[in-house]
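Just below is one structure, and these are the notes that go with it.
The values are calculated or read from the model by the stated rules, or taken from the named source; none is laboratory data. The structure presented is a predicted model; accordingly, all values stated were derived computationally and were not measured. Heads up, the Cβs are rebuilt from the backbone with ideal geometry, glycines too, and the neighbour counts pull from every protein chain shown.
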Amino acid sequence: MKPLLRWTLAFVFVLSLNCAARAQNHPASPCSAGRSAYASMEVSLSAGCPFSATVEERRTQTLGDGTRLQTKAKSLVYRDSYGRVAYYAYQPVGLDEPYPDSANFIQIWDTVAGFHYVLLPERSHVATRFSLNPPASSFQRSAPPTPPQPRPKVTVEQLGTQDMLGFLVTGERMTRTYPVGAQHNDRPITVVTEIWHSPDLGLDFLRKGSDPRNADEEFRITSFDQSEPDAALFQLPAGYTVEDQKNR
């Protein structure tokens, strides 16, 4: 699996774990009420709130001998007036290198048709399709019992508000401390996540994560336009075939 795909999927998975808690901390708005959140900046699938945004990503990994591995990546995120979201991600490169000319990882959440598409343009012209509203399953396989794991201690600090690109955003810093033995660790592990969110627009403007087990990451919106995006951005490119997958 290529680094961008592995990095993006892992980050999206972590975001999904925080959605419920985030919803309790931020009041509902026309752009964020009652919808799930997706992509690297946790964009809600909300109608009537179109935008186009550029997200700059920075990743810094420090090795045991102090060597730092630094990369940057770019993604383009769009939401139209129907609530559809498109996410175009580009392969990470070194800090002094230019960005690639085309995206190599694309996701489209089509709220009109009810499908989520995943495309890997450099690998094939096959679009993997998932249902946005999968039917409820009447059968669930029992998972084998696992021993209880020590839970991390979680503290949340409210950082107030500030202006980002002309929009008022609210900051929050969450610190998770895993006790000794929680992950076979011989000393506590502290993971810090900082989020600056616009409840009015239904997306994050800045996300920063510091985790000693992984690289430090920063996702920041660097340009934002509230005009209607091109409708072609939410459609499959010509020549693609669709392969349906079951939602897990």
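Contact map, region 198-212: first residue in contact (Cβ under 8 Å) with a residue 24 or more places away in the chain and at negative phi, second residue in a loop (DSSP other than H, G, I, E, B) and among the hydrophobic types (A, V, I, L, M, F, W, C), Cβ cut-off under 6 Å, separation 6 or more or different chains; pairs are Leu201/Cys31; Leu203/Met41; Asp204/Met41.
As a summary of the residue check, Ser75 satisfies the conditions (1) within 19 Å of Glu218 (Cα to Cα); (2) over 14 Å from the mean Cα position of the chain (by Cα); (3) at pLDDT 60 or above except for the one numbered (2).
Is at least one residue of region 169-181 modelled with pLDDT under 90 and over 26 Å from Val85 (Cβ atoms)? Scanning region 169-181 turns up at least one residue that is modelled with pLDDT under 90 and over 26 Å from Val85 (Cβ atoms). Screening the candidates Pro145, Pro150 for the property of being exposed (fewer than 10 other Cβ atoms within 10 Å of the Cβ) and either modelled with pLDDT of 95 or more or more than 23 Å from Ser223 (Cβ to Cβ) (or both) yields one hit, Pro145.
Those residues that are outside any strand (DSSP E or B) and exposed (fewer than 15 other Cβ atoms within 10 Å of the Cβ), I need them from region 193-222; list them, please. Scanning region 193-222 gives Pro212, Arg213, Asn214. Take the conditions (1) modelled with pLDDT of 95 or more; (2) of a type in the set (D, E, K, R); (3) under 21 Å from the mean Cα position of the chain (by Cα); Asp230 misses just one of them, which is (3). In the set (1) part of a strand (DSSP E or B); (2) surrounded by fewer than 17 Cβ atoms within 10 Å (Cβ to Cβ), Gly64 fails one condition alone, (1).
Which residues, taken from region 75-99, are touching a helix residue (DSSP H, G or I) at 6+ places or on another chain (Cβ under 6 Å) and more than 26 Å from Val126 (Cβ to Cβ)? Result: no residue meets the conditions. Evaluated against (1) at pLDDT 90 or above; (2) in contact with a helix residue (DSSP H, G or I) (Cβ under 6 Å, 6 or more places away or on another chain), Ser102 falls short on exactly one condition, (2).
Considering region 175-192, and only residues there that are without any contact (Cβ under 8 Å) to a residue 24 or more places away in the chain and assigned to a strand (DSSP E or B), the residue that is nearest to Val55 (Cα to Cα) turns out to be Val192.
The set of residues from region 160-178 being loosely packed, with under 15 Cβ neighbours inside 10 Å and farther than 27 Å from Cys31 by Cβ comprises just one member, Thr177.
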